[in-house]
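Heads up: the structure comes next, in structure tokens.
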Amino acid sequence: KFKIAHTTEYKYSNNVFFEPHYFRFKPKQTVFSSIIDYDIQVEPEPIGFTEQIDIENNHIRLSWFQDTHDEMKITVNTILEVSEYNPLNFILHPKEFLQIPFTYDDNTQLLLEPALKTEALPDNMVKYLEAILQKTSNQSINFLIELNASIYNDFTAEFRETGEPLEINFTFDEKRGSCRDLSWMHIHMLRHLGVAARFVSGYLYLESDDDNPIFELHAWVEVYLPGAGWIGFDPTHGLVTSCYHIPLASSSFYENTMPVSGSIRGDATSILINDLDISIIT
């Protein structure tokens, strides 16, 4: 069981009015996890809210406010029970999907269209992909694992708490980026080859040898594979995701996965303070 305590604070230099805000902090239901307890508190207290499942099957809370304030604080406490999960326990079916690039059937293609939308890649990025395809003889699983490992080995992971993912060309040329940057680049590499991929935000918990586990708000990639479903790849750490990656939201558009989204009315600067603690309880 994971105990997750997450506090997010926005402090403003002047009073502002909060337009309706979306909160995405409730873990997604998976085959290996179940929510034992979940509580979210927002200050200032909203005058109303609704709980919703959005078009991409993410749990969201839409809250609306009155008056003006100089601070917003979101306190979330979650207890999540997980079981061991082997993410590679599947087969690809039908057999046409054993080789990359591949093409989904018409109905699947329509459903996955947003997760296939991409842009033209620069020649150096295409050559990078072609070298990995050649190395893995175009075998789907070998390629996906090798591409994930290559990004982990060839790029430097950096910490950047706020901001949208950088342009994929910039990330590729600089060979560095945050988890958001590396994941967004990874997604467009996959889409270039006709592989549906989406952006995931959530929590990561990694045990270490010195009894000081790593836990963080994190981003990674999910790939749609017929016969397997959505399978997660974490290019920042070179991992295929399992029960230690806890998804909060997934979308073809990274903007739709942010834990907090909304706007303000007023003239003010702001600072963001995040406090996260994840522990294993018995």
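The values are calculated or read from the model by the stated rules, or taken from the named source; none is laboratory data. Because the structure is a prediction, the values reported are computed rather than measured. For neighbour counting, all protein chains shown are included, and Cβ atoms are generated from backbone atoms with ideal geometry for every residue, glycine included. Ligands, DNA and RNA are excluded from the accessible area calculation, which covers all protein heavy atoms including side chains. Shrake-Rupley method; radii C 1.70, N 1.55, O 1.52, S 1.80 Å.
Would you work out the relative contact order for the stretch 1-91, in percent, from Cα pairs under 8 angstrom that are 6 or more residues apart? Could the numbers behind the result be given before it?
Numbers: 176 pairs, mean separation 43.3, N = 91.
Over the stretch 1-91, the number comes to 48 percent.
Test of the criteria: in the stretch 160-267, which trypsin sites (Lys or Arg not before Pro) are in a DSSP loop and have at most 15 other Cβ atoms within 10 angstrom of their Cβ?
Numbers: sites: ARG160, LYS175, ARG176, ARG180, ARG191, ARG198, ARG265; in loops: ARG160, LYS175.
Those satisfying the criteria are ARG160, LYS175.
Apply the Debye scattering formula to the stretch 168-214, with a single equal point scatterer on each alpha-carbon and no solvent, then give log10 I(q)/I(0) at q = 0.31 Å⁻¹.
Debye intensities relative to I(0), on a log10 scale: -1.06.
Tell me the accessible surface of PHE172 in square angstrom (1.4 angstrom probe, heavy atoms of protein chains only), to the nearest ten.
Estimated to the nearest 10 Å², PHE172 gives 10 Å².
Relative to the longest principal Cα axis of the chain, at what angle does helix 123-135 sit, 0 to 90 degrees, rounded to 10?
60
Would you work out what percent of the accessible area of the chain, with all protein chains in place, is carbon or sulfur (probe 1.4 Å)? Let's see the in-between values first.
On the way: 6910 of 14270 Å².
Its accessible area is 48 percent carbon and sulfur atoms.
What residue among PRO114, VAL82, HIS93 has its Cα farthest toward the positive end of the dipole of the stretch 16-144, where the charges are +1 on Lys, Arg and -1 on Asp, Glu, each on the Cβ?
Highest projection toward the positive end goes to HIS93.
Diagonalise the Cα gyration tensor of the stretch 51-209 and give the resulting equivalent ellipsoid semi-axes, square root of 5 times each eigenvalue, largest first, whole Å.
Ellipsoid half-lengths, sorted descending, are 32, 21, 19 Å.
With axes computed from alpha carbons, what is the tilt in degrees of helix 140-154 against the longest principal axis of the chain, rounded to the nearest 10 within 0 to 90?
It works out to around 60 degrees.
Accessible area per residue, 1.4 Å probe, Å², for the chain: what's the number? Don't skip to the answer; put the middle values down first.
Values: 14270 Å² over 282 residues.
On a per-residue basis, the chain sits at 51 Å².
Using label points projected 7 Å from each Cα along Cα→Cβ, tell me how many nm separate GLU174 and THR282, to one decimal.
So the label points at GLU174 and THR282 sit 4.5 nm apart.
What angle do you read, to the nearest 10 degrees and between 0 and 90, between the alpha-carbon axis of helix 179-192 and the longest principal axis of the chain?
Compared with the principal axis, the helix lies near 40 degrees.
Among ILE271, ILE151, what's the order by accessible area (1.4 angstrom probe), most exposed first? Write down the numbers at each step before the final one.
Details: ILE271 100, ILE151 0 Å².
My answer, sorted largest first, is ILE271, ILE151.
Please get the size of the charge dipole for the stretch 151-282, origin at its Cα centre, with Cβ charges of +1 on Lys and Arg and -1 on Asp and Glu, quoted in debye to the nearest 20.
Numbers: 7 positive and 19 negative charges, 126 e Å.
Using Cβ point charges on Lys, Arg, Asp and Glu, the stretch 151-282 gives about 600 debye.
Projected area of the stretch 1-73, taken from the Cα convex hull and averaged over every viewing direction, in nm²? Each step should come with its number before you reach the end.
On the way: hull surface 23.1 nm².
So the mean shadow area of the Cα hull is 5.8 nm².
For the stretch 45-141, run through the GluC sites (Glu not before Pro) and keep only the ones in DSSP coil with at most 14 other Cβ atoms within 10 Å of their Cβ.
GLU84, GLU119
Return the distance in nm (one decimal) between the two label points of a simple spin-label model at THR103 and ARG265, each offset 7 Å from Cα along Cα→Cβ.
5.2
How large is the convex hull of the Cα atoms of the chain per residue, expressed in Å³ as a whole number?
On the way: hull volume 40.8 nm³, N = 282.
Per-residue hull volume (Cα only) is 145 Å³.
How large is Rg/Rh for the stretch 187-282, to two decimals, with Cα atoms and a Kirkwood Rh?
Details: Rg = 16.3 Å, Rh = 15.5 Å.
Rg/Rh: 1.05.
Could you pull out the pairs from LYS95/LYS127; LYS3/LYS175; LYS1/LYS135; LYS117/LYS175; LYS135/LYS175; LYS26/LYS117 whose alpha carbons sit more than 32 Å apart here? Display every interim value, and only then the final one.
Numbers: LYS95/LYS127 26 Å; LYS3/LYS175 35 Å; LYS1/LYS135 40 Å; LYS117/LYS175 23 Å; LYS135/LYS175 21 Å; LYS26/LYS117 27 Å.
Where the Cα-Cα span goes over 32 Å, the pairs concerned are LYS3/LYS175; LYS1/LYS135.
Check which residues have an amide H placed less than 5 Å from GLN99's amide H, if you skip close sequence neighbours.
SER140
In 5 Å bins starting at 0, how do the alpha-carbon pair distances of the stretch 131-240 split up by percent?
2, 12, 22, 25, 20, 11, 6, 2, 0
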